[in-house]
1. For peptide A:96-105, what's the mean number of Cβ atoms from other chains within 10 Å of each residue's Cβ?
2. Considering every residue in B:154-161, what mean count of other chain Cβ atoms within 10 Å of its Cβ is obtained?
3. For segment A:5-48, what Kirkwood radius comes out of the mean inverse Cα-Cα distance, in Å?
4. Round to the nearest 0.05 the FRET efficiency obtained for residue A:128 and residue A:281 when R0 = 35 Å and r is the Cβ-Cβ distance.
5. I'd like the mean, over residues of B:77-84, of how many other protein chain beta carbons sit within 10 Å of each residue's own Cβ.
6. How big, on average over all directions, is the shadow cast by the Cα convex hull of segment B:200-271, in nm²?
7. Going by the alpha-carbon gyration tensor, a ≥ b ≥ c the square roots of its eigenvalues, is segment B:79-168 rounded (a/c under 1.5) or, if a/c is not under 1.5, prolate (a/b greater than b/c) versus oblate?
8. Placing a label point 7 Å from Cα toward Cβ, how far apart in nm is residue B:95 from its equivalents in the other copies, listed shortest first to one decimal?
């Protein structure tokens, strides 16, 4: 239901494939539609349930976050970054199209994310909506996701301690996961600072757990089951939770983060049911 | 005076070079500071004078547009795009740093532009400020600047008619020049639709004139006087106003656009003095 709502919203937000410049719009749609677990929009929906948010508003906010995520994957796969050829079981955007088109498609998806956040009413209070724009911009930028990617680049071939790994992932994937959760909540009734803090702590733990599981899957999975190149972290000399801790300790860390995440939701009661389900989904997808 | 105001605002908006991730922040600062004519912020200031806008607000809006412009230059210079090594008399960002860092610096500058537009009060009416975010996002995206770059890529090695050239440039450079002008105006008192229309038409003409002059300078100038590689349009097989019209007709077109631009300002009277001066600067810089 919410999966379909987010696919519909993404489809509607993207320019039609026959609109000029056709190749650019086709590349944008190729990279966004028909794949992806939509974890970030699902987090937005689940957080929105805590604040009785209108699902249409949450769909738009979640789509904006997903567009940022999709652009980051396109750029991350480029030859000057991870140089990957497979994503979501399909050729990466620059393989299917070309490097220049992939670069521009990523750039345009970032612009489109901010356009979405600004062009529809997402909060009854326009000042709060400006806060939402700021929140996504910070999460995407040099002290958020893009900064995390820079830390990731710098880490290739080095050994990172667990706190250093945590710092990298809090930025690279965590910033956007936290933004998705908070934006979903902001679409609803005004939230107390303490509740926002709880949601943020939940999202921080889930983001890290998500990364630990990703590292485990990359180390243990196959290209066929992952839909992306397996074992590439080790091949590229990237430090991971598995290389820092070993499989067994990494699994234990994921369980601890899962428990911490659920603990953060204690005061939210029944409203946080779906957030708890998502936490289970993120952590249990490996086993 | 306004030059200094915009440099100060850009400097303050950019993360300090010693803040982690250091290399990324250094690349962002390298690409933005210490160069550039700042035509877009100057247009914002001049348009802001038509609406009695607070110069501090205009500086922030102008800085946001300049950050988008700077990111587009970084990405445009990358090997998969124009593959250029010289910009504003210095090595391009990917030459000075590396391709991956340049890619991320561009990405992060785009995020920072939207952060700037959202985090300070730029209009007494937050709904209008959301409109400003939407305006910049549209101007930057696939039906604005990024779309124009895609048209530019597709045009390499082909011949374009003057209307086709105009369509390309209206997107590639025109969208951002129009956005700068309108954002500057939006920082001030509410503007009548007819005045916004006049400012938009002025900016459209000036944007095209700017491009015609750029084509003339590229064909006639030297690398030393331009601060970027001269003659690269012809070398790269790019259609230009000079290749479509010849030097003499291209000059004539620039003069016509200049006249049209000034005509659009007729009803604005004395308030548009600085816009007229800028129009002169843009067109006369060749002669």
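Just so it is clear, none of the values below were taken in a lab; they were calculated from the coordinates. The shown structure was predicted, so the numbers you read here are calculated from the model rather than taken from an experiment. Positions of Cβ are backbone-derived with ideal geometry, glycine not excepted, and every protein chain shown enters the neighbour counts.
1. 5
2. Mean number of neighbouring Cβ atoms from other chains: 1.
3. 11.4 Å
4. With a Förster radius of 35 Å, E is 0.75.
5. 3
6. Its Cα hull, projected and averaged over all orientations, spans 5.7 nm².
7. Since a/c reaches 1.5 but b/c is at least a/b, the shape of segment B:79-168 is classed as oblate.
8. Copy-to-copy label distances for residue B:95: 3.3 nm.
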